[in-house]
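One structure is given here, and the rest of the page talks about it.
The values are calculated or read from the model by the stated rules, or taken from the named source; none is laboratory data. Predicted model only: the values in this text are computed from it and were never measured. Neighbour counts are summed over all protein chains in view; Cβ atoms, including those assigned to glycine, are modelled from backbone coordinates with ideal geometry.
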C-alpha cells in the first residue's frame, strides 16, 4: 500500500465510491488528512483511499462520523500497542535465549564438582 499522495480529490472520491463533497466533510471532521501541495491542492494516497473505504463501510452499517473517528483512533492505538507488544516479545525471546546459553555454559562447572563429591562418598 503506497503512501505516495498522487490522486486529486475527484479521483480519490471516485476510487472510494463517494462524492468529493463527502470527502471534504470527512476532512473537516478530522477523519482524513490529505497531503497538500505547495499550491494547496489536496492529494490522496492509496492508504487514504483505503481509509475512505473503511469510513464508508462503517457509516454504511450505521456508525456516525464521531463513532468512526473514535473507532479509527482506537484501531491506531491497538496497532501501536501491538507493535510495542511485538517488540517486548522479541526482547524477551532474546533475553531467554541468552539466559539459556549462559546456563548451558555454567551448569557443567556447577554440576561437575557436586557429582565428584557424590562419587567420592
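Exactly one condition in (1) touching a strand residue (DSSP E or B) at 6+ places or on another chain (Cβ under 6 Å); (2) at pLDDT 95 or above is false for residue 34; which is it?
(2)
Among the numbered criteria (1) assigned to a helix (DSSP H, G or I); (2) modelled with pLDDT of 95 or more; (3) loosely packed, with under 10 Cβ neighbours inside 10 Å, which one does residue 109 miss?
(2)
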